[in-house]
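Step one of this worksheet: look at the structure below.
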Amino acid sequence: SGRGARPVSGMDHDYGPKYTMRPLALEDYGKGYMRLLGQLTLAGEVSEAQFKLRFEEMFERSSDYNIFVVEDVEAGKIVGTATMVVERKFLRGCATVAHVEDVVIDESCRGKNMGMWLLKELEQVATERGCYKLILDCVEGIVPFYEKCGYSRRGVQMAHYLAE
């Protein structure tokens, strides 16, 4: 079930009761969470048992994972998600940094500021956790969206993929 459910701050929006934002729950597997992630990148085949195991690894062993979803309550379908992982550093006097990952809004709901709604929630959680910044990687075509949300270009992203 929903772990550590906390009221989300949200921002002013006019979604009415149709949409709600909340932490990821085990039941979201059946509400299309993995299907939604597949709109972002290759999600792969994940069984319900695998989903449950990873959920428990992420949330029962650590408070450093924060995954929020937007649910279309009428349809019982997850239509948005964003993840924040907190990194503890030695730099800056043992500061913490929030990494934003896996931001995706269902194709049918894009253009309604749901992505901004999710990012504002992550920003509030990062502030509460004492993070000094939020960072993310994205493709060039989405840069204007993140700039509109207050992010700015910094550095260059690099990746070294390991053999599977």
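The values are calculated or read from the model by the stated rules, or taken from the named source; none is laboratory data. These figures come from a predicted structure and were not determined experimentally. Here the Cβ positions follow ideal geometry from the backbone for every residue, glycine too, while neighbour counts run over all protein chains shown. Please note that ligands, DNA and RNA were not included when accessible areas were found on the heavy atoms of the full protein model with its side chains. Shrake-Rupley method; radii C 1.70, N 1.55, O 1.52, S 1.80 Å.
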Distance (nanometres) between label positions extended 7 Å along Cα→Cβ at VAL46 and GLU60: 1.7 nm
DSSP bridge orientation in the chain - percent antiparallel, rounded to nearest 5: 90 percent
Two-site FRET efficiency, GLU147 against THR127, from Cβ-Cβ distance with R₀ of 22 Å, rounded to 0.05: 0.65
Per residue accessible area in Å² of the chain, where ligands, DNA and RNA are left out and the probe is 1.4 Å: 62 Å²
Protection proxy ranking, peptides 127-135, 41-49, 75-83, 18-26, average beta carbon neighbours within 10 Å, highest first: 75-83, 18-26, 127-135, 41-49
In Hz, Karplus ³J(HN,Hα) per residue of the stretch 28-34 (6.51, -1.76, 1.60; θ = phi - 60°; x = Gly, Pro): 6, 4, x, 9, x, 4, 5
Surface share of carbon and sulfur [accessible, 1.4 angstrom probe, percent] for the stretch 15-82: 53 percent
From phi via Karplus (6.51, -1.76, 1.60), per-residue ³J(HN,Hα) for the stretch 124-132 in Hz, x at Gly/Pro: 5, 5, 4, 5, 4, 7, x, 6, 8
Built amide H within the under 5 Å cut-off of ASP106, gap 5+: GLY80
Whole-angstrom gap from the stretch 95-114 to the stretch 27-64, using each part's C-alpha centre: 16 Å
For the chain, built as a Gaussian network whose Cα springs stay under 10 Å, the top-fluctuating residue of GLU87, GLU147, GLU101: GLU147
Among PHE51, PHE68, PHE90: highest mean-square fluctuation, GNM of the chain, C-alpha pairs under 10 Å: PHE90
